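The values are calculated or read from the model by the stated rules, or taken from the named source; none is laboratory data. Quantities reported herein were computed from a predicted structural model and do not represent experimental measurements. Cβ placement follows ideal geometry from the backbone for every residue including glycine, while neighbour counts extend to all protein chains displayed.
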Amino acid sequence: MTPAPETTFVLTSCGRFDLLAETMLTFLEHNSAPIDRYVVVEDSGDARVRDVLGGLPVAIDFVVNDPPQGQMASVDRAYATVSTPWIFHCEDDWRFFRGGFVEESRAVLEERRDVSVIVPRRLGQNPTHDAIVATAPPERVAGFAVRIPRPDAHPVWGGYSFNPGLRRLADWRALGSFAALGHEADASAWFLARGMRCAYLDSPACETTGLFRHVRDAAGPGRASRPAHDR
């Protein structure tokens, strides 16, 4: 008997449908791990997202926020529907280029309880991300090469990230609500305060495609849906 998939794919989107389509197509092309459900939260209120992804070979559960609720509330809304222990979180502006990253990430998370997220993004696109990763030498965890910076590698970033990556549903439940904290930086600080940090696959699997195309977050005036360090 084949065991049930234990990972839910959750993606937050906000009107960038060309980028969204590439994200989904490349994830489906390269991912080799079984996925229980695909959940896409569209925060622009534009129900055409169903048409954009309607031709994909997987069933997708769509949540269209109308009116928009902002990134953090969107993540909470999606995670509240998850019943699997693992979540592969994604955004609408990424390109995947190799497989195996979900399986590798799960092996690391199972061995390292002090790691909150495994991030498989490549270097060379964001100076802050690169500087944090560079503080840690590669090490082997569960047979895979990863970099795990110390919690004090950066005063705010490195504790958590909404970059693509595998994470535990249990950690979100312990936190309670991302929206109640404020923004992505606040979530990162919450995990850092508890000695937890992101880990980074030394063999990357994705890259961002959304540079200079950030959108405003409905959670507050003048706040980007992705903070400056992520663009």
* To do: Examine region 121-131 for a residue that is charged (D, E, K, R), assigned to a loop (DSSP other than H, G, I, E, B), farther than 18 Å from E6 by Cβ and in contact with a Lys or Arg (Cβ under 8 Å, 6 or more places away or on another chain), and state whether such a residue exists.
  => no
* Going through region 191-231 one residue at a time, which ones are under 14 Å from the mean Cα position of the chain (by Cα), farther than 28 Å from R150 by Cβ and at pLDDT 60 or above? -> none
* Scan region 80-95 and give yes if some residue there is of a type in the set (V, I, T), surrounded by fewer than 20 Cβ atoms within 10 Å (Cβ to Cβ) and part of a strand (DSSP E or B), otherwise no. => no
* Structure fact -> Flagged in region 40-55 as touching a residue at least 12 places away in the same chain (Cβ under 8 Å) and over 21 Å from T208 (Cβ atoms), in numbering order, are G45, D46, A47, R48, R50
* Structure fact -> Note on region 131-178: residues farther than 16 Å from D202 by Cβ, of a type outside the set (G, A, S) and more than 17 Å from the chain's Cα centre (by Cα) are R150, P151, D152, H154, P155, V156
* Quick one: would you say A187 is of a type in the set (A, V, I, L, M, F, W, C), at pLDDT 95 or above and either crowded, with 19+ Cβ neighbours inside 10 Å or in a helix (DSSP H, G or I) (or both)? -> yes
* Asked: Mind checking which residues of region 153-184 are surrounded by 21 or more Cβ atoms within 10 Å (Cβ to Cβ) and charged (D, E, K, R)?
  -> R167, E184
